[in-house]
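Student: Would you mind keeping the following structure in view while I ask a few things?
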Amino acid sequence: MKATMMRRQVLFSALALATGAGVALAAMPGTAQSAPPGAAAVFSGYKDSYKLNTGANGLAEVGRLSLPEGSYTISAKLNLDVPDGGHHQTIRCFLRAGNDFDRLYANHDGTLAHVPMSLNVVHTFTASGNAVLTCGHSYTAGGTDISFVKITAVKASSLSNHRMP
């Protein structure tokens, strides 16, 4: 009984701290509590699996996250699984928000399989918009299974993006 009471006290203390920090908390899967006004907001979407089939240098939309007006830091992550036939393939992915983008290339084959990729972009939408993840096979046509795709955007009150020295 004492252990249960202690867990509840710790849980309620953690909830109070997180709420005070302006974090939107998930009450149960598929539901969320509202954050206080002016607090950060988090938007996320996922896809557990996707079959990427493209021609040489073609791109296909892997995922799209709709976002309301505002400034965001947006990240995407995915896992490249074993390519069809285990043959060497080069995959390129883009995360785009408006005219801002990030791009990565990854080489993989039957030996070097399960390659993780992570992209990040910052963007200010003056109206609602989309963060779009596209991927494709470079140089040759191919097929690759992609797993555990996630796109997450964190709304910010201000945004600064500049070239580093």
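The values are calculated or read from the model by the stated rules, or taken from the named source; none is laboratory data. None of the values given here were measured: they were computed from a predicted structure. As a convention, Cβ positions derive from the backbone with ideal geometry for all residues, glycine included, and neighbour counts pool all protein chains shown.
Student: Of all residues in the range 79-96, which are free of Cβ contacts under 8 Å to residues at least 40 places away in the same chain and either in a strand (DSSP E or B) or surrounded by 13 or more Cβ atoms within 10 Å (Cβ to Cβ) (or both)?
Tutor: H88, R96, listed by residue number.
Student: Let me ask you something else. State the number of residues belonging to the range 145-165 that are within 16 Å of N79 (Cβ to Cβ) and surrounded by fewer than 19 Cβ atoms within 10 Å (Cβ to Cβ).
Tutor: 5
Student: Would you check if there is a residue in the range 42-58 being out of contact with any helix residue (DSSP H, G or I) (no Cβ under 7 Å at 6 or more places or on another chain), over 17 Å from G136 (Cα atoms), of a type in the set (A, V, I, L, M, F, W, C) and assigned to a strand (DSSP E or B)?
Tutor: Yes, the range 42-58 contains a residue that is out of contact with any helix residue (DSSP H, G or I) (no Cβ under 7 Å at 6 or more places or on another chain), over 17 Å from G136 (Cα atoms), of a type in the set (A, V, I, L, M, F, W, C) and assigned to a strand (DSSP E or B).
Student: Which of the residues spanning the range 140-165 are out of contact with any strand residue (DSSP E or B) (no Cβ under 6 Å at 6 or more places or on another chain) and either assigned to a strand (DSSP E or B) or not aliphatic (A, V, I, L, M) (or both)?
Tutor: T140, S157, S158, S160, H162, R163, P165
Student: Please pick out the residue among G142, G136, G129 that is in contact (Cβ under 8 Å) with a residue 60 or more places away in the chain, surrounded by 15 or more Cβ atoms within 10 Å (Cβ to Cβ) and in contact with a helix residue (DSSP H, G or I) (Cβ under 7 Å, 6 or more places away or on another chain).
Tutor: Result of the check over G142, G136, G129: G142.
Student: So, one more: Looking for whichever is touching a Lys or Arg at 6+ places or on another chain (Cβ under 8 Å), touching a residue at least 24 places away in the same chain (Cβ under 8 Å), assigned by TED's automatic domain parsing to the domain that holds I146 and exposed (fewer than 15 other Cβ atoms within 10 Å of the Cβ) here; the options are S71, S118, S49. Which one fits?
Tutor: On inspection, the qualifying residue turns out to be S118.
Student: Here is a further query. Would you mind stating whether A97 is at pLDDT 90 or above and either on the phi < 0 side of the Ramachandran plot or not assigned by TED's automatic domain parsing to the domain that holds T124 (or both)?
Tutor: yes
Student: D84: modelled with pLDDT under 95 and either assigned by TED's automatic domain parsing to the domain that holds V149 or not hydrophobic (A, V, I, L, M, F, W, C) (or both), yes or no?
Tutor: Taking the combined requirement at face value, the residue satisfies it.
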